[in-house]
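Just so it is clear, none of the values below were taken in a lab; they were calculated from the coordinates. Computed from a predicted structure; not experimentally measured. Positions of Cβ are generated from backbone atoms using ideal geometry, with glycine treated the same way; all protein chains shown enter the neighbour counts.
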Amino acid sequence: MDPLAGDWDSGVEYASLSNIGMRRTNNQDSFAVVVAGDEASFRQRGHLFMVADGMGAHAAGELASKLATDSVPHTYYKLREEAPPTAIQRALLDANEKIHERGTANPEFKGMGTTCSALVLLPQGALIAHVGDSRVYRLRGDKLEQMSFDHSLVWEMQSGSQINEQEVPSYIPKNIITRSLGPNPQVKVDLEGPAPLQVGDTFLTCSDGLTGKVENEEIAALLSTLSCQEAAEVLIDLANLRGGPDNITVVVVRVVGAHLTQAPAAGFETAAPANSSAVSAVHPFVWGMLTAFILVSGILAVIGRFMAAGAASIGALITAVYAAIRLLSAGESSGGHGANSQFGAAPYTTTPVKIDREMVDRLAKTIQQLKDAAVGQDWVLDWHRFNQLAANAADEAQQSQFVASVQHYSQAIRHMMSELRNQRRQREAGGDTPEAALQA
């Protein structure tokens, strides 16, 4: 081992947290962090950060996500002769095979799957490989950018028909993903980047337990004002304060070393592999929904309910168009890329960072709701510390010191949630917990 390896500066600050949420009995999320131990390792394979959100009955989802976070780093680092885009894409494809094999071998695990979003920071820039709707964001300057495309029914329909989210028909489920590792023997893995790094770039990789409850504007404000550890804690606390219906996992990474931004003169040495079959680009749920629409339309027509039959036919048409677009787009994807290729089309959304009175008022409202719940339930808490932080935040807001105000409100939220967790340990035996009140 290089005797100077201990002096290597990774050039990043990071924090990773996973929380069961308020309403789940087990945590089906997993994450992995592998930071290069020396400069040679960084230049060859970079730093790897990933999040997986499992799906399936019993312990199937938990197993699927754990298989992904164990398998992907192992395979990625094993394929040292391959360029990073090739290696990370093959790592996800290999994980898909392992999860699918496990799912088909045991009836209890049938159909299990997981999302997977892997962020690799390399000398060439940030490289992303992902399947599903666990997101990767980049905060740069005054903009928060979503660097991954949600493989969800809503996002796919928006992309295929050039409509916005508000125009997607209300009967289209918001939580249906169109792609995941495991359910099918083949899967299409998306690559994004490499996006050159800058000092100060902050990346967030997270499961939808966060993005379902915390708005992009709030994510932008918190990432831009807090340390990685503080941001990770407050983001999870906010999601839980708003009901925490799902598991929540976040990995926050900030580039702090200028040596990470010094890209090599040449790009990657080899090409990335071809994606898997185009048919796998359409989730089985979509085919099932198309079949259901057609059957319902036919039955309604037979019994004379022609208006309802027409509505079901429209649903079938929309679903069929979406499936056709997915098949065409998958078929058009190129199988190989040159050494200096750019992958994907990120960013997919851009949210300006606004740390203003409106943002402060949002946090103040959350603080007041939290305080009201605590008082109403007679929780025994350290009110002095909480009131001091809240008062400081309010005073700073009055003086238009909004960054400081956000920081103090965030500290108040973290303090209160820590107190509530202590209360839970003390009172859960009797079934009367602060979390139960927050869910109500």
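Go ahead and run the numbers for FRET between residue 7 and residue 350, Cβ-Cβ distance against an R0 of 25 Å, rounding to 0.05. Kindly include the intermediate steps, with their values, before the conclusion.
Numbers: r = 38 Å, r/R0 = 1.54.
Taking R0 as 25 Å, the efficiency between residue 7 and residue 350 is 0.05.
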Quiz item: What number in nm² do you get for the range 177-217 if you take the convex hull of its Cα atoms and divide its surface by four?
Solution: 4.8 nm²
Quiz prompt | Residue exposure sequence - 116, 206 - by fewest surrounding Cβ within 10 Å | solution = 206, 116
Practice problem: Rank the residues 314, 219 as a footprinting-exposure proxy: fewest other Cβ atoms within 10 Å of their Cβ go first. | Solution: 314, 219
Practice problem: Evaluate E = 1/(1 + (r/R0)^6) for residue 108 and residue 174, where r is the Cβ-Cβ distance and R0 equals 25 Å; express this FRET efficiency to the nearest 0.05. | Solution: 0.35
Quiz prompt | When the range 1-88 is reduced to its Cα atoms, the Kirkwood hydrodynamic radius in Å | solution = 14.9 Å
Quiz item: In nm, to one decimal, how far is the modelled label at residue 259 from the one at residue 365, with both set 7 Å along Cα→Cβ?
Solution: 4.7 nm
Quiz item: Kirkwood hydrodynamic radius for the range 24-150: how many Å is it when counted over pairs of different Cα atoms?
Solution: 15.1 Å
Exercise. Sort largest first and round to whole Å: the equivalent ellipsoid semi-axes of the range 17-64, each the square root of five times a Cα gyration tensor eigenvalue.
Key: 31, 11, 6
Quiz prompt | Ranking of 117, 16 by count of other Cβ atoms within 10 Å, fewest first | solution = 16, 117
Self-check item: Spacing of the two label points (7 Å from each Cα toward its C-beta) at residue 380 and residue 26, in nm
Solution: 3.6 nm
